[in-house]
Amino acid sequence: MPFGLARASRHLRLLRPSPRSAPAGDMAGAGAGAVAPATARVAAVVRRLTGAEVARRWSAAVVARPSAPSAAPRCAGPSVAPSAAPAGKGTIAEALGKSGVARFAAAVMTAGMEAVFKGAGLYTIFVPSDQAFTSAGNPGTDKKALVKLISVHVLPGTVFAAGIGHAIDANDGKAQLKTMAGDTLSATRDGERIRLASPGGGSATVTASDDVLANGVIHRVDRLLPPGKSSAPIRS
């Protein structure tokens, strides 16, 4: 019997490296071989639900956790690189309980991904407002489709608004953000705000930024970002 999404989320929580049992310094000293078995087990669980490519991206995000603070967000070329681990309190899952984003929180619950966002992370999420869901229509309750939709709004690591802005300014007005679904979001400036465009034809404006949590950072957007046709297919 195939695993359900809720069960997969529980496996992700159990298999994710723990900062208490394996400090970042120890992980770095042990090398890639030390985390490869755990990564393989996470990928095996997620692959049953999402397909190999999406499983690989989520598993890589689990083990690639910055361990030291940096002075400022970084960027490399047109793509935005994650910043150091945030110093916020609470989890992304808890922050999704705030007013104005209940529809996205409900999608996360229906997809069985709540435990993922309660875990160590790190993730950057562009959270659409409730009005964005109303404008886009009901996303439905198909779990595989919801996992894909959610993944388009998630970046591995923590990427702050200043880092995105710096990358835009340093690269002829456009920066690239690789999502957990395999799509690339294009970031540009719209006056003082940052605008995102997805390969699926959607675009959204960042209306609030840098809600820093212990396991990542949340930016709020005013529209849903549909996945592109070229993104990794989600298969059972």
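A compact table of results
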{"quantity": "Candidate set from segment 106-115 (those that are under 14 Å from the mean Cα position of the chain (by Cα) and outside any loop (DSSP other than H, G, I, E, B)); member that is modelled with the highest pLDDT", "calculated": "VAL108"}
{"quantity": "Among (1) assigned to a strand (DSSP E or B); (2) within 21 Å of ALA95 (Cβ to Cβ) - the single one ARG195 does not satisfy", "calculated": "(2)"}
{"quantity": "Any hit, segment 119-142, residues being farther than 24 Å from THR205 by Cα, touching a helix residue (DSSP H, G or I) at 6+ places or on another chain (Cβ under 6 Å) and aliphatic (A, V, I, L, M)", "calculated": "no"}
{"quantity": "Segment 139-148, subset in a loop (DSSP other than H, G, I, E, B) and in contact (Cβ under 8 Å) with a residue 24 or more places away in the chain, residue surrounded by the fewest Cβ atoms within 10 Å (Cβ to Cβ)", "calculated": "THR141"}
{"quantity": "Criterion violated by GLY121 - all others in (1) surrounded by 22 or more Cβ atoms within 10 Å (Cβ to Cβ); (2) part of a loop (DSSP other than H, G, I, E, B); (3) at pLDDT below 60 satisfied", "calculated": "(3)"}
{"quantity": "Of residues in segment 123-148 being touching a Pro at 6+ places or on another chain (Cβ under 9 Å) and among the aromatic types (Phe, Trp, Tyr), the one nearest to THR110 (Cα to Cα)", "calculated": "PHE133"}
{"quantity": "Restricting segment 158-192 to residues that are assigned to a helix (DSSP H, G or I) and not β-branched (Val, Ile, Thr), the residue that is nearest to VAL206 (Cα to Cα)", "calculated": "ALA161"}
{"quantity": "Filter result for the condition that a residue is touching a residue at least 24 places away in the same chain (Cβ under 8 Å) and more than 17 Å from the chain's Cα centre (by Cα), over ALA162, ALA204, ALA187", "calculated": "ALA162"}
{"quantity": "Residue list for segment 124-138, filter: surrounded by fewer than 20 Cβ atoms within 10 Å (Cβ to Cβ) and either assigned to a loop (DSSP other than H, G, I, E, B) or not hydroxyl-bearing (Ser, Thr, Tyr) (or both)", "calculated": "ASP130, GLN131, PHE133, ALA136, GLY137, ASN138"}
{"quantity": "Matching residues in segment 172-209 - criterion: being acidic (Asp, Glu) and crowded, with 16+ Cβ neighbours inside 10 Å", "calculated": "ASP183"}
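One line per residue, one yes/no per condition, for (1) of a type outside the set (Val, Ile, Thr); (2) closer than 18 Å to GLY97 by Cα:
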| residue | (1), (2) |
| --- | --- |
| ILE125 | no, yes |
| GLN131 | yes, yes |
| ALA136 | yes, no |
| THR141 | no, no |
| THR158 | no, no |
| ALA162 | yes, no |
| GLY165 | yes, no |
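The values are calculated or read from the model by the stated rules, or taken from the named source; none is laboratory data. The structure presented is a predicted model; accordingly, all values stated were derived computationally and were not measured. Neighbour counts are summed over all protein chains in view; Cβ atoms, including those assigned to glycine, are modelled from backbone coordinates with ideal geometry.
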